[in-house]
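Remarks on the structure that follows.
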Amino acid sequence: MQFRLEKRREPSRFMLYATPVAAVLLTMLLGGIIFSLIGYNGFGAVREIFLTPLTNPYKWQDLGVKAAPLIIIGVGLSIAYRANVWNIGAEGQYIIGGLAGTGVALATWGMTGWWILPLMVLAGMAGGMAYASIPALLKTRLNVNEILTSLMLTYASVQLIYYLIRAPWKDPMGMGFPQTRLFSEAARLPTIIPGTIVHLGVPMAVLVGFIAWFVMTRTVFGYRMRVVGAAPSAARYGGFSENKTIWLAMLVSGGLAGLAGVLEVAGPFQRMVPGFPTNYGFTAIIVAFLGRLNPLGVIVAGVVLAITFVGGEVAQTTIGLPNAATGIFQAMMLFFLLAADILIKYRVRRVTHQASVETA
Amino acid sequence: MDLTLAIAILVTVVGASTPILIAALGELVVERSGVLNLGVEGMMLIGAIAGFVVQFHTGNPYLALLAGAAAGVMASLIFGFLTLSLSANQTATGLALTIFGTGFSALAGSSYSARPVTLMQPLFPVELATHPIGKVLFGYAFPIYFSFIMVVAIWYFLHKTRAGLILRAVGENDQSAHSIGYSVTGVRYLAVMFGGAMAGIAGACFPLLLTPQWAERMTAGRGWIAVALVVFASWKPFRLLAGAYLFGLVMTMELYAKAGGGPLSVIPSEVWAAMPYLATIAVLVLISIRRDASTNAPACLGKPFLPAN
């Protein structure tokens, strides 16, 4: 019995949406087997990582809080990747967004007023956009690879945090710890469900997803992004400037990463600390792909990745699985998804001996 | 500056440059075959933990280097299978490999934190390295000489051998190479595996040459700098040598600035720590101002190969 790949006449929509689900299921199955083989309670790990966060209502608030930044950044990246603009420095733009928001919070420290939070949010988005405009400028003016520049800027931004909280922004009452003072009440993101940690950023993330979906499917902007990515020469012929598309993709993805950063610092952190870079910007790359670069898919994928984060923490305490295992499960999901991509354009045919002779 | 200090600085520069050079040489061969593997950082981390574990248990640094190479090859095969056999997107797969390598190495190394290993000793007898000039020439461990030999060997392979010609043909025009009977996928698999071995060795150099212990993400973005250097070097081995040493110099300045004292410490240490990354951007900018960098890139770089018939 032989198998053969046969090109489909057009890409399969069923496979486009079935493969992410298959990738998650395969990760659970093979992840369980692999972790069992290397001496852990593999299927216990799968249960804790993928199911416990869903079945335990006490974990739902954690899911929302973890999913929010992943969705917001993932939506931005999905728009950029659609246009073939490879911004992989979202982590850096997230950090600069968080720092810009921190700057406003510290400058207004002790003040009250409804305007402080919106100003922080604006500063955060502007910060993310400004940081993303460096790779955009270098790409459009000098054709410098945006993957490398955006990533290098991420490493640099981490050092900027360290510098600011060690010297100029250091909490004077912090007993020498490198961190800023706790934000005043007016600079903290309110929780929306009393008694939980669910903050305003959670519904905002879902809203961002829906707005992006509308923009991508119903507006000229969305059409432009999709055409430039799918058929660059047709886009040029149609009068869409490639440079303008690169700028738009970078500014949107950078601005959203900055938004996630400021929401994160004003919400869960409420001060700038050395542990602020939590790799959301990198995990959001997986979110964007798992969500098939579709904003609504990104919402679902953001929740799935949030499940693995929350579940990874559960597994750490209940069965002693090292935290790093979460990263492996996440990477496996992306591997399986990329491997399954071939099924969108090709179908697997079983060929009998006779048939293979005929085609030969 | 007195001679001893100058030599100490030189030796540090060599140590810092070597892993970047080795990893970048591997990536250069991969890219010359038309494949863009952005998983160098991940493969380096996997090589680093493999090398560390073997060094910890056997104390034999040569076995540790071999283990690093083997682990790098295994990791590169994941990338190769996805991108070459299943024609998956190379950019995304490379990123996935880096995410995987970060997680895998952290998991494998979780029980080894704060356990020291012995650094790799110089290749030549210490008597040769007593005189300052002797130290500059003979004072290093094996990977340093290996990296220099590989610069020449890869240049020779690419430009003076038939196999190198085939590899470049596959990278420049995969359809033609296919139509005259070469296995594009086969050649690219070999190149990707070579790149994996080199990244693995480069990773193993971190615990063996630089900091004799395991730390999560200990390669700290050096794999990405290696990828950038290949562009900087216009895919030419000798330029890669110059680029890697330029970076080694920048990183050494950071070490001396952090150690305190002297004119370097006027600038905050965080600025020095960010310097290699900012310098990477600077060289990428310089190279594109000087000429159109993309003209030297292998024509098929990053594009999946699908035979036309």
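Within 25 Å of B:E31 (Cα to Cα), touching a helix residue (DSSP H, G or I) at 6+ places or on another chain (Cβ under 9 Å) and in contact (Cβ under 8 Å) with a residue 12 or more places away in the chain: which single residue out of B:I281, B:I201 fits that description? Steps first, answer last, please.
On the way: B:I281 fails: in contact (Cβ under 8 Å) with a residue 12 or more places away in the chain.
None of the others qualify; the one that does is B:I201.
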- Task: With the condition kept exactly as written, say whether any residue in segment A:117-131 is within 13 Å of chain B (Cβ to nearest Cβ), surrounded by fewer than 19 Cβ atoms within 10 Å (Cβ to Cβ) and part of a helix (DSSP H, G or I).
- Result: no
- Message: For the list (1) within 25 Å of A:N56 (Cα to Cα); (2) more than 9 Å from chain B (Cβ to nearest Cβ), I need the number of the one condition that A:R349 fails.
- Response: (1)
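Which of the residues that make up segment A:184-202 are among the hydrophobic types (A, V, I, L, M, F, W, C) and touching a helix residue (DSSP H, G or I) at 6+ places or on another chain (Cβ under 6 Å)?
Answer for segment A:184-202, where residues must be among the hydrophobic types (A, V, I, L, M, F, W, C) and touching a helix residue (DSSP H, G or I) at 6+ places or on another chain (Cβ under 6 Å): A:A186, A:A187, A:L189, A:I197, A:V198, A:V202.
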- Item | Single residue of segment B:74-84 satisfying the filter (under 13 Å from B:L97 (Cβ atoms) and in contact (Cβ under 8 Å) with a residue 60 or more places away in the chain) that is surrounded by the fewest Cβ atoms within 10 Å (Cβ to Cβ) | B:L77
- The residue from B:F79, B:F56 that alone is of a type in the set (F, W, Y) and either within 14 Å of chain A (Cβ to nearest Cβ) or in contact with a helix residue (DSSP H, G or I) (Cβ under 7 Å, 6 or more places away or on another chain) (or both) is B:F79
- Message: Within segment A:310-330, take every residue that is of a type in the set (G, A, S) and either farther than 20 Å from A:A68 by Cα or more than 17 Å from the chain's Cα centre (by Cα) (or both) and give me the one that is nearest to the other protein chains (Cβ to nearest Cβ).
- Response: A:A324
- Odd one out for A:A257 among (1) surrounded by fewer than 19 Cβ atoms within 10 Å (Cβ to Cβ); (2) touching a residue at least 60 places away in the same chain (Cβ under 8 Å): (1)
- Task: Please identify the pairs in which a residue from segment A:193-211 that is free of Cβ contacts under 8 Å to residues at least 60 places away in the same chain has its Cβ atom under 7 Å from the Cβ atom of a residue that is surrounded by 13 or more Cβ atoms within 10 Å (Cβ to Cβ), counting only partners at least 6 apart or on another chain.
- Result: A:P203/A:I192
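So, in segment B:242-278, how many residues would count as being under 21 Å from A:M152 (Cβ atoms) and away from chain A (no Cβ under 14 Å)?
9
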- Message: Regarding segment A:52-65, can at least one residue be identified that is under 19 Å from the mean Cα position of the chain (by Cα), buried (at least 19 other Cβ atoms within 10 Å of the Cβ) and small (G, A, S)?
- Response: yes
- Query: Has segment B:227-236 got at least one residue that is surrounded by fewer than 20 Cβ atoms within 10 Å (Cβ to Cβ) and either more than 26 Å from A:I161 (Cβ to Cβ) or in contact (Cβ under 8 Å) with a residue 12 or more places away in the chain (or both)?
  - Reply: yes
- Could you pull out every one of the helices (runs of 4 or more DSSP H) wholly within segment A:1-104 that has 2 or more residues that are under 30 Å from A:V351 (Cβ atoms) and not β-branched (V, I, T)? A:13-37
- Among the listed residues A:P53, A:P57, which satisfies the condition of being closer than 28 Å to A:F269 by Cβ and touching a residue at least 12 places away in the same chain (Cβ under 8 Å)? A:P53
- Message: I'd like the residue in segment A:79-115 that is polar (S, T, N, Q) and away from every other protein chain (no Cβ under 14 Å) and, out of all such residues, is surrounded by the fewest Cβ atoms within 10 Å (Cβ to Cβ).
- Response: A:T112
- What about B:L107, is it part of a helix (DSSP H, G or I), out of contact with any Cys (no Cβ under 8 Å at 6 or more places or on another chain), within 14 Å of chain A (Cβ to nearest Cβ) and more than 23 Å from B:M150 (Cβ to Cβ)? yes
- Among the residues of segment A:257-288, the number that are more than 14 Å from chain B (Cβ to nearest Cβ), closer than 19 Å to A:I88 by Cα and not in a helix (DSSP H, G or I) is 1
- Task: Among the residues of segment A:165-175, count how many are at the interface with chain B (Cβ under 9 Å from one of its Cβ atoms) and either touching a strand residue (DSSP E or B) at 6+ places or on another chain (Cβ under 7 Å) or at pLDDT 90 or above (or both).
- Result: 1
- Message: Looking at segment A:276-294, can you tell me whether even one residue there is in contact (Cβ under 8 Å) with a residue 60 or more places away in the chain, in contact with a helix residue (DSSP H, G or I) (Cβ under 7 Å, 6 or more places away or on another chain), surrounded by 18 or more Cβ atoms within 10 Å (Cβ to Cβ) and at positive phi?
- Response: yes
- Note on the structure: Out of (1) more than 12 Å from chain A (Cβ to nearest Cβ); (2) over 25 Å from A:A80 (Cβ atoms); (3) touching a residue at least 12 places away in the same chain (Cβ under 8 Å); (4) not β-branched (V, I, T), the one B:N37 does not meet is (2)
- Task: Could you list all residues from segment B:214-228 that are within 8 Å of chain A (Cβ to nearest Cβ) and under 15 Å from B:F104 (Cα atoms)?
- Result: B:E216
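Going through A:L151, A:L160, A:L142, A:L138 one at a time, which residue ends up being buried (at least 24 other Cβ atoms within 10 Å of the Cβ) and within 9 Å of chain B (Cβ to nearest Cβ)? Explain how you work it out, then say what you get.
Numbers: A:L160 fails: buried (at least 24 other Cβ atoms within 10 Å of the Cβ); A:L142 fails: buried (at least 24 other Cβ atoms within 10 Å of the Cβ); A:L138 fails: buried (at least 24 other Cβ atoms within 10 Å of the Cβ).
Only one candidate passes the filter, namely A:L151.
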- Message: Looking at segment B:39-51, can you tell me whether even one residue there is crowded, with 24+ Cβ neighbours inside 10 Å, farther than 19 Å from B:S234 by Cβ and touching a strand residue (DSSP E or B) at 6+ places or on another chain (Cβ under 8 Å)?
- Response: yes
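With respect to A:L334, determine if the residue is facing another protein chain (nearest Cβ under 9 Å), under 25 Å from A:E48 (Cβ atoms) and within 16 Å of the chain's Cα centre (by Cα).
When the stated conditions are applied, A:L334 passes them.
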- Looking at (1) modelled with pLDDT under 85; (2) surrounded by fewer than 20 Cβ atoms within 10 Å (Cβ to Cβ), which is the one condition that is false for B:V271? (1)
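The values are calculated or read from the model by the stated rules, or taken from the named source; none is laboratory data. Quick caveat, the model's predicted, so the values are computed rather than measured. A quick note on method: Cβ atoms are made from the backbone with ideal geometry, for glycine too, and the neighbour counts reach across all protein chains shown.
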